[in-house]
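Heads up, the thing below is written out as structure tokens.
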């Protein structure tokens, strides 16, 4: 594992903090077990996780317990194993993973982004009623998940429609958005996009920079088709 760029919050995973890594820096020597990396997850703040066969190594900002190590630290400069999961999604101050068809989340929960029906933060993973989950994404304060049947559910803050249920209501439990045909989902800070099994793309949420791809700058609180796909 090598990292470079801004080192705020120990994002580069090295015990010697630098302002900017202009060249690739290897992870801290203490993290000798970070080998065989198969995937990476980058949070919207300053947190990072590397998925390996031995476990998931995480480091960086941990102000809300989003690294999943069971405690809150200002920052974690030396990577440590936090759990074992085939996929991790890092949001603004919360994180989620999928294992055995279940999605679990941890960290901040002031807008219900953990999806457990409460607005209580959690330093350990909490689940919800969804089953057959195949993928999950985490926005700044919202979360979405796709099931094996192709259904899409989202929850959390929907101030600009990023949950996608046609309202701007905050949701603390998974809310049905599309009932079939979804292959995977990805979350931006305040918008969301779904790749359909047909090859079409649909997006919703903030659109001040045209990120929804529908030919407008209008935010949407329900899915709209991306032009040309």
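The values are calculated or read from the model by the stated rules, or taken from the named source; none is laboratory data. From a predicted model like this one, the values you see are computed outputs, not experimental measurements. Positions of Cβ are generated from backbone atoms using ideal geometry, with glycine treated the same way; all protein chains shown enter the neighbour counts.
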Next item on the list: Scan the range 135-151 and give yes if some residue there is modelled with pLDDT under 95 and either in contact with a helix residue (DSSP H, G or I) (Cβ under 6 Å, 6 or more places away or on another chain) or under 15 Å from residue 194 (Cβ atoms) (or both), otherwise no.
Entry: yes
Next item on the list: Might you check whether a residue that is at pLDDT below 95, part of a loop (DSSP other than H, G, I, E, B) and more than 24 Å from residue 113 (Cβ to Cβ) occurs anywhere in the range 221-229?
Entry: yes
Next item on the list: Determine, yes or no, whether residue 124 is touching a residue at least 24 places away in the same chain (Cβ under 8 Å), crowded, with 24+ Cβ neighbours inside 10 Å and either within 19 Å of residue 90 (Cβ to Cβ) or within 16 Å of the chain's Cα centre (by Cα) (or both).
Entry: no
Item checked: Odd one out for residue 94 among (1) out of contact with any strand residue (DSSP E or B) (no Cβ under 6 Å at 6 or more places or on another chain); (2) modelled with pLDDT of 90 or more -> (1)
Check: With (1) in contact with a strand residue (DSSP E or B) (Cβ under 7 Å, 6 or more places away or on another chain); (2) more than 23 Å from residue 9 (Cα to Cα); (3) outside the structural domain of residue 192 (by TED's automatic domain parsing) as the list, and residue 53 as the residue in question, which single condition is left unmet?
Finding: (1)
Next item on the list: Check residue 85 against each of (1) assigned to a loop (DSSP other than H, G, I, E, B); (2) modelled with pLDDT under 95; (3) more than 22 Å from residue 38 (Cα to Cα) and name the one condition it does not meet.
Entry: (3)
Margin query: Out of the residues in the range 68-79 meeting the condition of being crowded, with 17+ Cβ neighbours inside 10 Å and at pLDDT 80 or above, tell me which one is nearest to residue 52 (Cα to Cα).
Written below: 79
Margin query: Just checking: which of the strands (runs of 3 or more DSSP E) contained wholly in the range 130-173 hold 2 or more residues that are surrounded by fewer than 23 Cβ atoms within 10 Å (Cβ to Cβ) and assigned by TED's automatic domain parsing to the domain that holds residue 220?
Written below: 133-138
